[in-house]
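**Q** Encoded as structure tokens, here's the structure I'll be asking about.
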Amino acid sequence: MMSAKQNQRTPNRTHPRRADGLSLIRFEFLKIVRKRSTLTIMAVSLLLTAFLFGLPVIQYQIYDQNGVMKGTKGIAYDREQYADLSVPLTEEYITKTIREVQGLFEDPANVGYDGNERFLIGDAYWNEIAPRENFLNLIARTYAAPNESRGYNSFPDLDASDGADFYQAVQAKREAILNEPGRALSNEQKAYWSGMAGKIDTPLQYGYYEGWEVIISSFGLLLFAVLAICIVIAPVFSGEYQAGTDAVILSAKYGRTKLITAKLAASLLFGTITFAFHMVTACAIPLAAFGVSGWNLPMQIANTAIPYPLTFLQGTMRNIGILYLVLLGMIGLTLFLSSRMKSPYLVLIVLVPVLFIPMLLSPNGTAGAYNLMLFLLPYQAVMPEFGKYISYQAGGLAFDAFSARAILYAVFTAVMLLLARGGFQRHETAG
């Protein structure tokens, strides 16, 4: 028969001798990391992230008069075209640009017609338009009505005889967006967006920003990394049930207090570290290929209607923060499910639809309960949507999608972690 003294030592064969919080967290963290399945899943996830964020580099192509240039050669050529476009967009510069294009349209030899619209052809296009077509289209869209697409070929319809009044057009377009009936914005929401847009510095500085645009447009791909992290976390509690070690753990001196906290903290630590690796991979590949140029440029040079007074770097960092909060929320949900279910596979059966079914749902606007809820679900929540004026309101307080997502996922994470803790403790009572 085992003596009382021997019985007291039994838990220490499974858990570290020191019962302080940091040593328990370290022990639980190493339990996660040392599994072969963890290393395999994380390696596959990082390779998938590298592949997905490398695709824009591999698939990149641009045309000149001699044909198509692909990959890094095309990227280098495109960057060269921006050498003369790194300029402040003053009213004088915009006016001069519009008049130059209008002058090209005045020569019939430069103009083609497809039955619907006129466009420039030959040397007029390749020498004067192609190197700066994105910039010219940005100007043209500024004068267009909301949801209307325009290109440089609309310049002949603009009256620039007394100046372009470019920033007046920018302001007018923002006001038109705010007053669209379909948006159903309250006065508080309109004031919120107007106040935010009023902080944007002008004149805008233009330049090359392709690397940052690739990152911002690809955030949704990182949902696969979120799933991989949650797969690793799924057995934290349910794995103990499955292996039959839950009774040993919960009978230990600190099983119902410090050890549960250590499991939660180790899971969050693992998620944070692996998230950092994925983000470095996701950002490093586009920036290595396209360059870091544009980090300090205003996001309005991609779309003048964007109301956020942010540079591309600031916009990227803001959405990385939201993505991290979404990850924490999904880790919290995973731990809660793990504390209630007997198998990690059951956890994933619930978790996978939560993450990926919203990918099949598309918002049909920016107003209404359905759309506002959809923008908060994991897949849509990691999409920046900088130009959509997504608005939420609580009483007289209006706020944007980033603020709503941050609040929601911070609260959701805290609630899920508390429920996960309680779920494991109640399992002891049931046992």
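The values are calculated or read from the model by the stated rules, or taken from the named source; none is laboratory data. All figures in this text were calculated on a predicted structure; none of them were measured in a lab. When we count neighbours, we look across all protein chains shown, and the Cβ atoms used for this are built from the backbone with ideal geometry, even at glycine.
**Q** Does Ala124 satisfy the criteria of being over 31 Å from the mean Cα position of the chain (by Cα) and of a type in the set (A, V, I, L, M)?
**A** Details: over 31 Å from the mean Cα position of the chain (by Cα): yes; of a type in the set (A, V, I, L, M): yes.
Yes: the conditions hold for Ala124.
**Q** Please specify each residue of the range 185-230 satisfying the condition of being among the polar types (S, T, N, Q) and more than 20 Å from Leu372 (Cβ to Cβ).
**A** Answer for the range 185-230, where residues must be among the polar types (S, T, N, Q) and more than 20 Å from Leu372 (Cβ to Cβ): Ser194, Thr202, Gln205, Ser217, Ser218.
**Q** Among what's in the range 31-59 and is polar (S, T, N, Q) and buried (at least 16 other Cβ atoms within 10 Å of the Cβ), pick the residue that is farthest from Lys70 (Cα to Cα).
**A** Here the residue is Thr38.
**Q** Let me ask you something else. Conditions: (1) hydrophobic (A, V, I, L, M, F, W, C); (2) within 15 Å of Glu133 (Cα to Cα); (3) touching a strand residue (DSSP E or B) at 6+ places or on another chain (Cβ under 7 Å). Met69 meets all but one. Number of the miss?
**A** (2)
**Q** Residue check: is Ala410 touching a strand residue (DSSP E or B) at 6+ places or on another chain (Cβ under 7 Å), outside the structural domain of Glu175 (by TED's automatic domain parsing) and at pLDDT 95 or above? Give the steps one after another, and end with the answer.
**A** Working: touching a strand residue (DSSP E or B) at 6+ places or on another chain (Cβ under 7 Å): no; outside the structural domain of Glu175 (by TED's automatic domain parsing): yes; at pLDDT 95 or above: yes.
For Ala410, the condition - touching a strand residue (DSSP E or B) at 6+ places or on another chain (Cβ under 7 Å), outside the structural domain of Glu175 (by TED's automatic domain parsing) and at pLDDT 95 or above - is not met.
**Q** What pairs can you find where one residue is in the range 91-106 and without any contact (Cβ under 8 Å) to a residue 60 or more places away in the chain, the other is hydroxyl-bearing (Ser, Thr, Tyr), and their Cβ atoms are less than 7 Å apart, with a gap of 6+ or different chains?
**A** From residues that are without any contact (Cβ under 8 Å) to a residue 60 or more places away in the chain, the pairs are Val101/Tyr152.
**Q** Does Arg150 qualify as being assigned to a loop (DSSP other than H, G, I, E, B) and basic (Lys, Arg)? Can you show your working first?
**A** Working: assigned to a loop (DSSP other than H, G, I, E, B): yes; basic (Lys, Arg): yes.
It is true that Arg150 is assigned to a loop (DSSP other than H, G, I, E, B) and basic (Lys, Arg).
**Q** Let me ask another. Looking at the range 302-309, is at least one residue under 24 Å from Ala225 (Cβ atoms), crowded, with 20+ Cβ neighbours inside 10 Å and touching a residue at least 12 places away in the same chain (Cβ under 8 Å)? Even if it seems obvious, please write down each step before you answer.
**A** At the first step, the residues of the range 302-309 found to be under 24 Å from Ala225 (Cβ atoms) are none.
For the range 302-309, residues under 24 Å from Ala225 (Cβ atoms), crowded, with 20+ Cβ neighbours inside 10 Å and touching a residue at least 12 places away in the same chain (Cβ under 8 Å): absent.
**Q** Which count do you get for residues in the range 19-44 that are in contact with a Leu (Cβ under 8 Å, 6 or more places away or on another chain) and either among the basic types (Lys, Arg) or modelled with pLDDT of 95 or more (or both)?
**A** So the answer is 0.
**Q** Could you grab me the full set of residues in the range 138-174 that are within 17 Å of Asn303 (Cα to Cα), of a type in the set (D, E, K, R) and without any contact (Cβ under 8 Å) to a residue 12 or more places away in the chain?
**A** Within the range 138-174, Glu148 is the sole residue that qualifies.
**Q** Can you work out which of the residues in the range 195-220 that are among the hydroxyl-bearing types (Ser, Thr, Tyr) and in contact (Cβ under 8 Å) with a residue 24 or more places away in the chain is nearest to Val326 (Cα to Cα)? Walk me through it before giving the result.
**A** Just the residues of the range 195-220 that are among the hydroxyl-bearing types (Ser, Thr, Tyr), to begin with: 202, 206, 208-209, 217-218.
From the residues that got through so far, the ones that are in contact (Cβ under 8 Å) with a residue 24 or more places away in the chain too are 202, 206, 208-209, 218.
Numbers: Thr202: 34, Tyr206: 33, Tyr208: 30, Tyr209: 27, Ser218: 16 Å.
Once the filter is applied, the top-ranked residue is Ser218.
**Q** Among what's in the range 306-341 and is modelled with pLDDT of 95 or more and outside any helix (DSSP H, G or I), pick the residue that is nearest to Thr202 (Cα to Cα).
**A** Applying the filter and picking the extreme gives Pro309.
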